[in-house]
Protein chains: 2
Amino acid sequence: GIKMDNFEPKLAWSDLKVNADGLVPVIAQDYQTGEVLMLAYMNEEAFNTTIRIGKMTYYSRSRQELWIKGLTSGHTQYVKSLTADCDYDTILAKVSQVGGIACHTGAPSCFFNEIIKKEYTERNPLKVFESVYQVI
Amino acid sequence: GIKMDNFEPKLAWSDLKVNADGLVPVIAQDYQTGEVLMLAYMNEEAFNTTIRIGKMTYYSRSRQELWIKGLTSGHTQYVKSLTADCDYDTILAKVSQVGGIACHTGAPSCFFNEIIKKEYTERNPLKVFESVYQVI
């Protein structure tokens, strides 16, 4: 048979629970490194557009309009998976981040303002793996 | 000198922007595997309690009360770091998840309801590393 990507979603927008603003928060995570890139929001149009075009599409609360991520910046996020949580009010999106830059500031991730940090041994698996790989 | 953990936060609650409900969404992520565990919310009391006791403390929207995660289930989340995003309206918490179970359903992560998934080669770094490590 012909191999096709199947974009038919297992859940529809109506299966999700919206917040007080009628939106659903979406966590975007790099599908390879596991780095959390940003939190943004979807309305129904953003959700359906994301599934149709395979690129993360949010609802911009500041501009109050549909926001196809990367349309102006080039920093498109290609969808690898969308998963709802146990109570269907949050989406986790695993994405391929074009350019490795998710944040409008030019940072790889939007999370860079430290609040607290306990010291711990770096065990980021990718970094450990890369070190080991070079030895091998 | 005496080595101490420094829990003095670099940002205070007043530096953050709350949503329409007066809360800030918090993404909890396993600090070792990078797995996104859950999304929950903090109010000022939850934020300050988290920093004071070093255990993730949320505001339960359903019960409308402070929720020290793990207090009844035992599935405490020890704080490794808290980081605000570029516009200070979301927190990323890296945590050590006791028992490896974050979800009230008993699942490791709350994100298990598949919406869509494109096929891609597994490159979860921890899994790759563990395979390589066994060979070494």
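Given a cut-off of under 8 Å on Cα pairs at least six residues apart, what relative contact order in percent is computed for chain B? Display every interim value, and only then the final one.
Working: 202 pairs, mean separation 29.1, N = 136.
For chain B, the relative contact order is 21 percent.
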| task | Check the axis relating chain B to chain A and name the residue of B whose C-beta is nearest, distance in whole Å. | result | B:Gly34, 1
| Do the alpha carbons of any pairs in A:Lys55/B:Lys10; A:Lys10/B:Lys17; B:Lys10/B:Lys69; B:Lys10/B:Lys117 sit beyond 30 Å of each other, and which pairs? | A:Lys55/B:Lys10; A:Lys10/B:Lys17; B:Lys10/B:Lys117
| query | Using a Gaussian network model of chain A with C-alpha springs under 10 Å, which one of A:Ser14, A:Ser81, A:Ser73 is most mobile by mean-square fluctuation? | reply | A:Ser14
| task | Calculate the mean, over all residues of peptide B:87-98, of how many other protein chain Cβ atoms lie within 10 angstrom of the residue's Cβ. | result | 4
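If you wrap chain A's Cα atoms in a convex hull and average its projection over all directions, what's the area in nm²? Don't jump to the answer; show the numbers that get you there.
On the way: hull surface 48.9 nm².
Projected area, direction-averaged: 12.2 nm².
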| Along each principal axis, Cα extent of the protein assembly as shown, largest first, Å | 66, 52, 37
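With +1 assigned to the C-beta of every Lys and Arg and -1 to the C-beta of every Asp and Glu, and no other charges, what is the dipole magnitude of chain B about the Cα centre in debye, to the nearest 20? List each step's numbers first, then the result.
On the way: 14 positive and 16 negative charges, 58 e Å.
For chain B, the charge dipole is close to 280 debye.
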| Within 10 Å of each Cβ of B:29-40, how many other protein chain Cβ atoms are there on average? | 5
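From the helices alone, meaning DSSP H stretches of at least four residues, give me the mean residue ellipticity at 222 nm for chain B, per-run term -39500 (n - 2.57), in deg cm²/dmol to the nearest 500. Don't skip to the end; give the middle numbers.
Working: 2 runs with 21 residues, N = 136.
Helix-only estimate at 222 nm: -4500 deg cm²/dmol.
Each reported figure results from applying straightforward, stated rules to the coordinates on display, with no laboratory input. Remember, it's a predicted structure, so these values are computed and weren't measured experimentally. Positions of Cβ are backbone-derived with ideal geometry, glycine not excepted, and every protein chain shown enters the neighbour counts.
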